[in-house]
Amino acid sequence: MNRKFKFEKFKVKDIAFLAIMAVVLLLWYGLHEKLSRRIFGGITGDLAGFCISLSELLALACAAFGGLMI
């Protein structure tokens, strides 16, 4: 049997945008962690919620930009 996997639909551009999105989110997390500890002395629930909300917004922006570029 010769089965085809669904992963064959991914192109190099798709993988590149996924990598860019991962780097952007990791940079945001590092910046958020550093600023939260320096300014507020730690991470509170409100700051964690802000981090999650902005991470989702950044992921959406990367996905939209990636969709426009493909």
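Please work out how much length the chain gains when fully extended from Leu57 to Ala22, using 0.36 nm per residue of separation minus the C-alpha to C-alpha distance, in nm with one decimal.
On the way: separation 35, 0.36 × 35 = 12.60 nm, distance 1.31 nm.
My answer for the length gained is 11.3 nm.
Find out how many positive minus negative residues lie around Leu26, taking Lys and Arg as positive, Asp and Glu as negative, among other residues whose Cβ is under 14 Å from that of Leu26.
Details: positive: Lys34; negative: Glu33.
Summing Lys and Arg as +1 and Asp and Glu as -1 gives 0.
Put a dot 7 Å past each Cα toward the Cβ at Ile15 and Lys34; how far apart are the dots in nm?
For the pair Lys34/Ile15, the computed spacing is 3.0 nm.
The numbers here are math on the coordinates, done by the rules we state, and not lab data. What you are looking at is a predicted structure, and each value in this text was computed from that prediction instead of being measured. With ideal geometry, Cβ positions are generated from the backbone for all residues, glycine too; neighbour counts draw on all protein chains shown.
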